[in-house]
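What follows is one structure encoded as structure tokens, with my remarks underneath.
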Amino acid sequence: LKVVYALDDKIERFEISPFSDRDKFRKLFARLTSSPNPSAEFVDIDGETWMYTGLISKTLAQVSLLALAPLSQINDSLEQEKTQLLMAMLLNILLVAGITLIFVQTLLDPVALLQTGTDAIKARDFSYRIPEAGRDEFGRMARVFNSALADLEEMSLARDVQQQLFPR
């Protein structure tokens, strides 16, 4: 049996080995109606499970169409698709992890530096400075914070000098 079919504007041709169980096909064709079944059915032919569906032609007299696909081939296709989906999912996970690392570096690291600066103020270490990285909001905030720390350091030194000038 030779079959010709079109797939995406490409005409394909293949040969099918004849099946040995003709009575089974007679029974399958006898079950067909003029509209296809809403779901495919399964049949064992020559020791292999096949998925099938079919219909009787409304336009061509005495013509019936029976479409068969080996279940092993369908399972192989599904396994390939599952593998592709798994690879796409892993790629997405890596992409999200990369975006998360970028987020952490650009947003949370400067906040951690500010936290260290506030801890230095609590410990009265006014010599601490936050690294000024960039011209964004965090860079401006670091400059303002460092300016405030410099003022506090200056006032602390002035207080120490003043304390030494007063008699005990």
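Read-outs: derived from the displayed coordinates by stated rules, not from any lab. Since the model is a prediction, treat every value here as computed from it, not as a measurement. Using ideal geometry, Cβ is built from the backbone for each residue, glycine included, and neighbour counts are taken over all protein chains shown.
Per-structure values
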{"quantity": "Candidate lysines - alpha carbon under 22 Å from Lys58, same-chain residues fewer than 8 apart omitted", "calculated": "Lys27"}
{"quantity": "Gain in span if fully extended, Asp109 to Glu137, counting 0.36 nm per residue against the direct Cα distance", "calculated": "8.8 nm"}
{"quantity": "Stretch gain in nm, segment Asp44-Gln163, where the contour uses 0.36 nm per residue and the Cα spacing is subtracted", "calculated": "32.7 nm"}
{"quantity": "From phi via Karplus (6.51, -1.76, 1.60), per-residue ³J(HN,Hα) for the range 8-13 in Hz, x at Gly/Pro", "calculated": "6, 6, 10, 8, 10, 9"}
{"quantity": "Estimated dipole of the chain in Debye, rounded to 20 [Cβ of Lys and Arg +1, of Asp and Glu -1, Cα centre]", "calculated": "360 debye"}
{"quantity": "Helix 71-103 vs. the chain, principal-axis angle (Cα, 0 to 90°, nearest 10)", "calculated": "10 degrees"}
{"quantity": "Enclosed volume per residue, in Å³, of the convex hull spanned by Cα atoms of the range 65-108", "calculated": "61 Å³"}
{"quantity": "Dipole axis of the range 21-69 (+1 Lys, Arg; -1 Asp, Glu on Cβ), positive-most option in Phe42, Leu28, Ala69", "calculated": "Leu28"}
{"quantity": "Charge dipole (the range 91-157, unit charges on Cβ, about Cα centre) - positive-most of Thr100, Pro110, Leu152", "calculated": "Thr100"}
{"quantity": "Proportion of all alpha-carbon pairs of the chain beyond 28 Å (%)", "calculated": "61 percent"}
{"quantity": "Euclidean distance of C-alpha centroids, the range 14-51 and the range 82-111, integer Å", "calculated": "48 Å"}
{"quantity": "Computed [θ] at 222 nm, helices only, for the chain once each DSSP H run of length n ≥ 4 contributes -39500 (n - 2.57)", "calculated": "-17500 deg cm²/dmol"}
{"quantity": "Using a Förster distance of 25 Å, the FRET efficiency for Thr116-Met87 (Cβ separation, nearest 0.05)", "calculated": "0.05"}
